[in-house]
Amino acid sequence: YLIPTALFISMLVFGGLFLRDFLEYKAANDEYAQLEEHIVVEEEPKEDNKGDATQESEAAKEKIDFSHPKFQIDYDALTKINSDFSAVIYIPALGINYPVVRSKDNEDYLHKTFEGKANFAGSIFLDANAKGSYDHKNTFIFGHNMKNGTMFGKLKNFLRDDQLANSNPYVFLCRPEGITRYRIFSYYLTTVESPIYNDFEGDKGYDQYVSLVKRLSSYRNFPKESIDFSLRPDIITLSTCSGPSGGNQRFIVQAALEELYQNG
């Protein structure tokens, strides 16, 4: 009798855990799906400045300009929902499209959604050390690696497909003052003890940091000519957990600033 009883109890326990996780995932998905009405992205056909003189130019019109998608974002509505709203992050190659919040201590949004509801999916949040600003040489943005691929759960797809980053290599941060476009140049597995989380100072510190990142990177087919690091462009570092829950492994994606532009 003990074995069937133990099996029955185990089924109840694991069934309950599965139901709890399912409901948590669903609640988070439903909330962020509703927020999409305030965050609309349209890939626009590339402009052809040379007219339609040749078939080649006509074909160019049909290409998508991945570097300048059209954003229609209701910043006022998002700020009204959460006064900690700071930006929208959009990674087209992965379909990542979320509001980003300012974190006070890197703990407050670990298990709190954008609307302030308790949920282990949490939010995408700006490093508390950034003090609400993205104007740093290296700015960290954190998010959970959710099993269903939400939040930063899709970042690991860069490791699974070595052509993915080249197919559409951009990360966009959208704020009322303009759209900031970054070019992905590095992704890799590391740990919370990694020196990539350390601050650096001055040009020498920047150069040493970029050199370290390049050594760690798994992005082997990155076109080196696409970013001029001698200009020391600002970097954003996206960080998420990897491996077993509670472990110290992290997955990192890094991108360098290319352009700040207005988008109406």
Calculated P(r) tail over 27 Å for region 119-264, as whole % of Cα pairs: 18
In whole Å, what is the distance between the alpha-carbon centres of region 245-264 and region 186-240? 11
Over 22 Å (Cα to Cα) - which of 137/224; 204/224; 104/204; 104/147; 80/104 fall in this group: 104/204; 104/147
Count the net charge of all other residues whose Cβ sits under 11 Å from the Cβ of residue 38, scoring Lys and Arg as +1 and Asp and Glu as -1. -3
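For region 191-234, rounded, prolate or oblate, judged on the Cα gyration tensor with a ≥ b ≥ c (square roots of eigenvalues), a/c < 1.5 rounded, else prolate if a/b > b/c?
Here region 191-234 falls in the oblate category.
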In terms of the charge dipole of region 114-264, which places +1 on Lys and Arg and -1 on Asp and Glu at the beta carbon, the residue among 174, 158, 223 farthest towards the positive end is 158
Arrange the peptides 184-194, 67-77 so that the one whose residues have, on average, the most other Cβ atoms within 10 Å appears first. 184-194, 67-77
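Any read-out appearing in this document is the output of simple, stated calculations on the displayed coordinates, not a laboratory observation. Not measured: the values here are computed from a predicted model. As a convention, Cβ positions derive from the backbone with ideal geometry for all residues, glycine included, and neighbour counts pool all protein chains shown.
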